[in-house]
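Have a look at the structure below before the remarks.
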């Protein structure tokens with residue numbers, strides 16, 4: 001009965017928000033005036049440089065054409081609304097991206113400062129954005145600074161009414177791997193059983209998961225498990241049926257809807273746990289009922305660039321405008337050609353860095369092309385000669401293959417891409433140039449080619465050939481060849497407008513890294529401080545670039561990472577247990593002058609937020625080193641100093657000082673306690689406890705040369721190069737184990753001891769080297785053999801099988817040895833290099849005594865130099881002086897002859 005009484009008619013009439021214009025003026029008139037004024041401002045700089053009047057006419061005609069299409073389609077208000085919130089954001093100092101998607105092809109958008117990329121200069125097409133031949137809503141997606149995106153949403157709510165603005169719901173679906181885990185839990189599979197199956201699931205490709213059906217085709221071991229028995233078969237059958245079902249609801253990452261009336265009149269609403277009002281219709285349903293959707297995306301790279309520019313201004317006094325950088329900077333392209341792109345937008349993955357070294361971009365057009373080419377289609381799809389689009393592009397750029405144009409009219413269209421059709425816009429331009437298509441009709445052709453529907457393509461082919469014939473541009477055979485080429489490449493062509501807009505951000509980050517590497521890395525470390533893996537990677541990048549990393553300092557540090565000359569100082573926000581409010585308290589206290597001692601700090605920073613635990617962490621990480629170098633003395637004195645500071649504070653608050661206490665000097669600060677000095681490894685361990693990383697050194701520093709010799713991987717290369725490592729020859733689950741074999745050095749922490757089902761003890765721990773961490777499992781047999789080494793706390797070498805999946809990277813350990821022992825076992829020769837003057841008779845006798853006291857299997861060689869690096873003579877020492885390459889021996893030699901005189905082979 002209720003269903004019968006319901007009467008809903010979807011009119012699909014667009015409900016534009018009300019954009020208020022001055023009385024007596026229309027939306028269209030205001031838009032045209034704003035575009036004229038904006039275009040004049042954009043071109044004013046060019047006029048001062050001798051702007052060609054004919055060229056200016058091209059811009060005016062393009063603006064007139066676009067305005068006519070926009071107003072005829074009724075979208076003037078839409079453009080004014082978007083321009084309003086974007087320009088409000090810019091006026092508030094909120095970073096906004098230069099453009100996103102096909103909107104970058106609009107000159108009107110450029111004139112209104114919605115986008116910051118000249119579409120005419122970069123060959124971008126308006127009709128790819130808004131096609132007059134196919135009525136659909138324009139879609140202008142906007143990137144805002146990740147941190148301040150919510151400020152823009154608040155502005156829109158205040159302007160149009162909180163009851164008329166909401167974010168849009170999205171539903172998470174059950175992926176194949178998660179379906180296996182969920183079904184396994186219901187069917188009483190153990191965690192180990194479902195985890196074993198899930199680990200066989202193929203890793204995502206460029207962030208996209210494979211459906212379960214496809215995963216079964218790709219991985220034979222998954223099929224074997226499915227067919228292993230009735231229980232396993234049921235697991236997979238149910239997982240296949242559940243895959244794709246809705247699993248949870250959340251806010252869409254970008255979608256905002258703005259209406260001209262209360263949203264509750266048109267759509268059910270939901271308030272999420274953060275208090276945000278969200279539509280219960282997804283974005284497709286929101287659009288279907290006529291509501292207008294806007295995409296506000298938070299882009300962290302904009303936050304990064306803003307922070308770098310601020311550091312450059314504060315540290316160097318340079319006001320840098322990233323929107324006015326020259327796009328032909330040689331140092332930037334050198335950095336790109338060398339794939340020195342850690343932290344550079346869109347260019348961080350191992351695959352695209354390899355592409356950079358092959359392609360070696362030399363201009364902005366190459367950079368736009370790289371972003372368009374690095375996708376599954378161009379990388380994988382085979383051409384007639386068996387190569388890919390990317391292969392052809394690289395060969396032609398470097399002159400290893402001639403650039404052929406099937407028709408002279410194609411050269412101006414395909415020149416920047418060396419005759420390869422890379423962009424959808426090129427398909428449109430070819431259809432216009434050869435077959436007389438309007439750009440609107442050409443966009444329809446482009447869409448048809450992307451869909452690959454045979455019947456539709458047959459119709460388009462006949463139309464194209466007829467158009468070429470009518471134009472007299474080419475004979476039918478050549479026209480057919482051109483159409484075939486368009487069809488081949490268009491299936492994988494990319495939106496040039498989007499690629500060009502994002503290439504601007506890529507170029508900006510590359511430029512900043514090339515010219516201001518210290519500020520760049522400080523900004524990157526601050527932005528990614530909450531991501532341990534990225535912080536390891538960024539610290540390693542700083543070491544590679546010889547950028548010194550200083551520990552936090554109570555007098556110098558702010559919350560984020562800061563620069564001091566060509567060094568970077570850790571921010572106080574990185575110290576464990578130190579929150580933003582505690583940092584504000586410290587910075588406010590030092591505004592009255594720098595702290596002079598631990599006593600002074602504890603006396604002046606009186607707050608429940610800066611308690612004993614906070615001060616202890618600051619001492620451990622080195623934040624007081626500039627006041628007192630002995631961290632162990634500060635820790636030993638901490639409780640006494642805090643009691644003294646509390647007593648002084650109480651006296652000041654009551655303005656009373658005891659007569660006898662005054663006479664006895666009772667308010668004098670207590671002296672620092674005596675304490676035995678920490679060994680270097682103890683100091684480093686305390687640093688890591690306080691901040692999560694080693695700062696002033698690393699336990700592996702002294703093993704750097706040796707690690708290169710007897711390891712074959714670092715934690716950073718396990719995911720990117722794991723497949724290149726040699727396969728093992730052992731067995732797993734009763735069959736050959738093809739997993740790569742790795743040997744890597746590091747220090748053990750987060751050790752956990754567990755019991756197997758049989759009651760056998762095994763261990764899991766995190767192995768850390770200078771580039772990151774990896775989880776290691778030592779199953780019962782390996783743990784029994786290496787328990788003492790695991791528990792020792794000394795640097796180790798772990799050898800075992802690498803087990804990589806999309807969400808986990810583990811090493812299953814077979815062998816674990818102390819790094820010092822591994823060094824001794826790997827080294828065959830010890831070399832001592834010294835000048836004759838430094839050696840002398842005493843040094844020679846001392847060296848003989850040290851070698852005699854540390855006998856071992858290594859041959860010893862003495863490199864004698866007349867002066868440093870000149871006239872070297874190499875002496876092989878007698879077999880009676882063969883030596884053990886132990887840490888004790890090396891320390892003894894270098895204590896007598898100087899640091900760095902020993903080397904090994």
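Tabulated results
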| item | result |
| --- | --- |
| Helix-only [θ]222 nm of the chain, DSSP H runs n ≥ 4, -39500 (n - 2.57) each, per residue, nearest 500 | -14500 deg cm²/dmol |
| Point-to-point label distance, residue 272-residue 195, nm (Cα→Cβ direction, 7 Å offset) | 3.1 nm |
| Kirkwood Rh (inverse of mean 1/r, distinct Cα pairs), the stretch 348-432, angstrom | 13.4 Å |
| log₁₀ of I(q)/I(0) at q = 0.06 Å⁻¹ - the chain, Debye sum with one point per alpha carbon | -0.60 |
| Globularity ratio of the stretch 827-904, using Cα Rg and 2.2 N^0.38 Å | 0.99 |
| Peptides 109-120, 673-684, 144-155 ordered by average Cβ neighbours within 10 Å, highest first | 109-120, 144-155, 673-684 |
| Alpha carbon centroid spacing (whole Å) that separates the stretch 585-600 from the stretch 75-102 | 43 Å |
| Folded to 0 to 90 degrees: helix 230-242 orientation relative to the chain principal axis, Cα | 50 degrees |
| Packing-based ranking, highest mean first, of 481-490, 213-222 given that Cβ atoms within 10 Å are counted | 481-490, 213-222 |
| Zone residues, the stretch 680-707, relative to residue 891, backbone N less than 15 Å from point 7 Å out along Cα-to-Cβ | 680-684, 699-703 |
| Packing rank of 702-708, 517-523, 543-549, 871-877, where each peptide gets the mean count of other beta carbons within 10 Å, highest leading | 517-523, 702-708, 543-549, 871-877 |
| Relative contact order of the stretch 827-904, defined on C-alpha pairs under 8 angstrom at six or more residues apart (%) | 41 percent |
| Helix axis angle, 476-490 relative to the chain longest principal axis, alpha carbon, degrees | 40 degrees |
| Relative contact order of the chain, defined on C-alpha pairs under 8 angstrom at six or more residues apart (%) | 8 percent |
| Rounded, prolate or oblate (a/c below 1.5 giving rounded, otherwise prolate when a/b exceeds b/c) for the stretch 181-336 by Cα gyration tensor | oblate |
| Equivalent-ellipsoid semi-axes of the stretch 26-144, from the Cα gyration tensor, Å, largest first | 20, 18, 14 |
| Residue 607-residue 60 pseudo-label distance in nm [points 7 Å out on the Cα-to-Cβ vector] | 6.1 nm |
| Gain on full stretching of the segment that runs from residue 328 to residue 861 - 0.36 nm per residue minus C-alpha separation | 186.6 nm |
| Modelled label reach - residue 133, point 7 Å along Cα→Cβ, the stretch 375-413 residues with backbone N closer than 14 Å | none |
| Relative compactness, the stretch 175-244, computed as alpha-carbon Rg over 2.2 N^0.38 Å | 1.00 |
| Inter-part distance where the stretch 174-198 and the stretch 405-435 are each reduced to a Cα centre, Å | 51 Å |
| Rounded FRET efficiency, nearest 0.05, which uses the C-beta distance separating residue 348 from residue 375 and R0 of 22 Å | 0.90 |
| Cα→Cβ-extended label distance, 7 Å offset, between residue 120 and residue 3, nm | 6.0 nm |
| Cβ-derived FRET efficiency at R0 56 Å, residue 705 paired with residue 297, nearest 0.05 | 0.75 |
| Modelled FRET efficiency - R0 56 Å, residue 415 with residue 678, Cβ distances, 0.05 increments | 0.30 |
| Zone residues, the stretch 304-324, relative to residue 566, backbone N less than 18 Å from point 7 Å out along Cα-to-Cβ | 312, 315-317 |
| Taking 624, 904, 171 and counting other C-beta atoms within 10 Å, the order from fewest to most | 171, 904, 624 |
| Relative contact order for the stretch 235-334, counting Cα pairs under 8 Å that sit 6 or more residues apart, in percent | 22 percent |
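Any read-out appearing in this document is the output of simple, stated calculations on the displayed coordinates, not a laboratory observation. Everything numeric in this text was worked out from a predicted model, so none of it was measured. A quick note on method: Cβ atoms are made from the backbone with ideal geometry, for glycine too, and the neighbour counts reach across all protein chains shown.
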